[in-house]
Amino acid sequence: MNCKEALSDYKINLEVVENKSIRTIESYMYDLNLYLSYLESNGIDTMEKIHISDVDDFFNVYMETHSPRSANRVLSAIKSFHKFTSLNHPAIQNPVLYFHGFSNGSHLPIYLSVNEIQTILDSFGNSDLDIYQKTILVTLYSCGLRVSELCSLQTKHVHLDQKILKVLGKGNKERIVPISKTAQKVMVNYQKKCRPILLAKNKKEELTTFFFLNHNGEKLTNRGLEYIFKRIEEKTGCFLNLHPHIMR
């Protein structure tokens, strides 16, 4: 289904069925046109093509110049739009069904700026160790995982082709986490080049199914991750009190 046709149908629904005010409809249309224009600029012109990672990419760009409050307003319109479309066209999946809102950050200290993160990421080369460490950083930063979630991530829950992770968080609650294009690229590189080398070092009879491994080919632990971060600090010279939790 063409995105513009879907938007036209949704607008009629707002006017006739939901009887929204003119101002509300104009606000929704402005935000949704912005969203669909971004998708179209990236070659996505039908509702069937829209993936959760595309929505994530849109908000990564949007939040460079807008506040979380503004992003939540746009997300509300996008969610309503996709919900309406998927209900009226069951064959079209709702890509934002598990997409969460954005924190206003009013009580959260800012630890690392985007430029500081980029400086660290740019310092890595193409060695196996660099690919390994960079993948961990990008996954934490891009996917917003907790340390325990990253260490416990199973290979069967990493869907790189679909650009999503299935993460088991607090209270054993599973959530779907989108993978950005940047994260997808480094994770594929790690999986193909580095993980088999680490896996070969595992001396146990049952090989681990965890996605991220330590130098012995076994499950990466929280303490092991802190050690990796310390080595990255020493290597890059970016002494930013770097530890796993500030990446969120």
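The values are calculated or read from the model by the stated rules, or taken from the named source; none is laboratory data. All of these numbers come straight from a predicted model, not from anything done at the bench. Cβ: placed from backbone, ideal geometry, glycine included. Neighbour counts: every protein chain shown. When the accessible area is computed, the model is the full protein with side chains, heavy atoms only, and any ligands, DNA or RNA have been set aside. Shrake-Rupley method; radii C 1.70, N 1.55, O 1.52, S 1.80 Å.
Among the residues of segment 7-27, what is the count of those that are more than 30 Å from the chain's Cα centre (by Cα) and among the basic types (Lys, Arg)? Residues that pass the stated criteria total 2. Restricting to helices (runs of 4 or more DSSP H) lying wholly in segment 1-75: which have 3 or more residues that are over 17 Å from ILE92 (Cβ atoms) and among the hydroxyl-bearing types (Ser, Thr, Tyr)? Qualifying helices (runs of 4 or more DSSP H): 22-41. When you look at LEU140, is it out of contact with any Asp or Glu (no Cβ under 8 Å at 6 or more places or on another chain), at pLDDT 90 or above, part of a helix (DSSP H, G or I) and closer than 23 Å to ARG223 by Cα, yes or no? No, not satisfied. Entry remark, segment 1-41: residues being among the hydroxyl-bearing types (Ser, Thr, Tyr) and either farther than 24 Å from HIS66 by Cβ or open to solvent by 80 Å² or more (accessible area, probe 1.4 Å) (or both) number 3 in total.
Report, by residue number, each residue of segment 178-203 that is open to solvent by 90 Å² or more (accessible area, probe 1.4 Å) and in contact with a Lys or Arg (Cβ under 9 Å, 6 or more places away or on another chain). Matches in segment 178-203: LYS181 only. Screening segment 183-240 for residues that are among the charged types (D, E, K, R) and modelled with pLDDT of 85 or more and picking the one that is farthest from the chain's Cα centre (by Cα) gives LYS201.
Restricting segment 208-224 to residues that are open to solvent by 10 Å² or more (accessible area, probe 1.4 Å) and in a loop (DSSP other than H, G, I, E, B) leaves a set whose member that is farthest from ARG195 (Cα to Cα) is THR221. In this structure, does VAL96 turn out to be of a type outside the set (D, E, K, R), assigned to a loop (DSSP other than H, G, I, E, B) and under 21 Å from CYS143 (Cα atoms)? Criteria met by VAL96.
Residues in segment 150-160: is at least one open to solvent by 30 Å² or more (accessible area, probe 1.4 Å), closer than 22 Å to VAL55 by Cβ, assigned to a loop (DSSP other than H, G, I, E, B) and without any contact (Cβ under 8 Å) to a residue 40 or more places away in the chain? So far as segment 150-160 goes, no, none of its residues is open to solvent by 30 Å² or more (accessible area, probe 1.4 Å), closer than 22 Å to VAL55 by Cβ, assigned to a loop (DSSP other than H, G, I, E, B) and without any contact (Cβ under 8 Å) to a residue 40 or more places away in the chain.
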